[in-house]
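Working notes, structure below.
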């Protein structure tokens, strides 16, 4: 799954009362290297006072996210109106680690850094159902 992200200033530089205004993009080299610098801070700048930024909303791609869920079930009938269903479910079957999105508030100390995990660890559950 592709996750789109955008860079905001976190400041009201256009003087309109909104703090999630877009930054200016000053370079095409917007991606950094690794989780400690996923976004390149040198590629962005604050817009001039009283103006809006020119960064295109949600034009960057965050770290990829993928997950495999699996459910298997088997129903066994016996007698005339009785059955037993066995069920196994696994969420995040391969226990794949997915990085979260980086900080996108330009000028913040965490800008461009990935500090979280997305999704959950492997979870498995078993179930038995008796029908009569």
Rg and Dmax of the chain, Cα atoms only, in Å: 23.7, 80
At 1.002 mPa s and 20 °C, Stokes diffusion of region 21-73 via Kirkwood alpha-carbon radius, µm² per second: 158 µm²/s
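Please sort 37-48, 82-93 by packing, taking for each peptide the average over its residues of neighbouring beta carbons within 10 angstrom, highest first.
Answer by packing, highest mean first, reads 37-48, 82-93.
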Region 1-31 versus region 56-124: alpha-carbon centroid distance in Å: 28 Å
Residue 54 versus residue 125: modelled label distance in nm, points set 7 Å from Cα along the beta carbon direction: 5.2 nm
Sequence ranges 65-72, 98-105, 125-132, ranked by mean other-Cβ count within 10 angstrom, highest first: 98-105, 65-72, 125-132
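Bear in mind that the values in this text are calculations on the coordinates, not laboratory data. Since this is a predicted model, take the numbers as computed values, not measurements. Note that we place each Cβ from the backbone using ideal geometry, even for glycine, and neighbour counts take in every protein chain shown.
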